2 protein chains.
Amino acid sequence: MKFKAEVKVMLKPSVLDPQGAALERALRSMGRRNVDSVRVGKLIELVLEADGAAAAEALAAAWADELLANPVMEKYSCVVAPL
Amino acid sequence: MKFKAEVKVMLKPSVLDPQGAALERALRSMGRRNVDSVRVGKLIELVLEADGAAAAEALAAAWADELLANPVMEKYSCVVAPL
């Protein structure tokens, strides 16, 4: 069975995010004063083959640990849905 | 009132995604054969000030149009939640 997994990878809150800071400055300089903070992360959409939703989520989390996220600087979360 | 908006920015399906292709190849070369496809996008987390959820979503979408996404190559979606 095929599943679609969304892995959200964000820098840990303690890690400086220059890309987010640049976007925040850009929004402010465009006069958008109601912006408070901006953080930029990665969204990785996987299509994968697994026996069930729990197995698919475990696979996505394992791959995030192994390859998709850097556990020193980043945290991730996975959401899985059948395709 | 403060809201947290998540703007997901993905390349349009017709646009080649070399970063996703590289991750897919890497997973396969690590022996993870049940991966089918990988696409990589951006996840932008904004904290913003707005009068209500609808206004916050409209703001996030306007900013995505103006700055956060490239409408030629990317599509985006916004999800807003009160903070």
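Peptide B:42-55 shows a mean partner chain C-beta count of 5 within 10 Å per residue C-beta. Measuring spread by the Cα atoms of the protein assembly as shown yields a radius of gyration and Dmax of 16.7, 50 Å. Using +1 on the beta carbon of Lys and Arg, -1 on that of Asp and Glu, and nothing else charged, what's the dipole of the protein assembly as shown about the Cα centre, debye to 20? It comes to approximately 260 debye. A simple charge model with +1 on the Cβ of Lys and Arg, -1 on the Cβ of Asp and Glu and nothing else charged puts the dipole of chain B at about 600 debye relative to its Cα centre. Were the residues from residue A:36 through residue A:72 laid out at 0.36 nm apart, the gain over their Cα-Cα distance would be 10.3 nm. The rotation axis taking chain B to chain A passes closest to the C-beta of one chain B residue; that residue and the distance in whole Å read B:43, 2.
Relative to the longest principal axis of the Cα atoms of chain B, helix B:18-29 runs at roughly 50 degrees. Going 7 Å from the Cα of residue B:14 along its beta-carbon direction, which residues of the stretch B:47-83 have the amide nitrogen within less than 13 Å of the resulting point? Within reach of a label on residue B:14, which here means backbone N under 13 Å from a point 7 Å along Cα→Cβ, the stretch B:47-83 contributes B:72-75. Relative to the longest principal axis of the Cα atoms of chain B, helix B:53-63 runs at roughly 60 degrees.
Around residue A:23, what is the net charge, scoring Lys/Arg as +1 and Asp/Glu as -1 over all other residues with Cβ under 13 Å from its Cβ?
Details: positive: A:25, A:28, A:32, A:39, B:42; negative: A:17, A:24, A:36, B:45, B:66.
Taking every Cβ under 13 Å from that of residue A:23, the sum is 0.
Indicate the gyration tensor shape class of the stretch B:5-83 (rounded, prolate or oblate), computed on the Cα atoms with a ≥ b ≥ c the square roots of the eigenvalues: a/c under 1.5 is rounded; otherwise a/b larger than b/c is prolate and the rest oblate. In terms of gyration-tensor shape, prolate.
Residues in chain A average 52 Å² of solvent-accessible surface per residue, probe 1.4 Å, ligands and nucleic acids excluded.
How shielded is B:28-35 by partner chains, expressed as the average number of their Cβ atoms within 10 Å of its Cβ atoms?
The shielding value for this peptide is 4.
When chain B is described by a simple charge dipole with +1 on each Lys and Arg Cβ and -1 on each Asp and Glu Cβ, the residue from B:20, B:10, B:73 located farthest towards its positive end is B:20.
The values are calculated or read from the model by the stated rules, or taken from the named source; none is laboratory data. None of the values given here were measured: they were computed from a predicted structure. Positions of Cβ are generated from backbone atoms using ideal geometry, with glycine treated the same way; all protein chains shown enter the neighbour counts. For accessibility, only protein heavy atoms count, side chains too; no ligands or nucleic acids. Shrake-Rupley method; radii C 1.70, N 1.55, O 1.52, S 1.80 Å.
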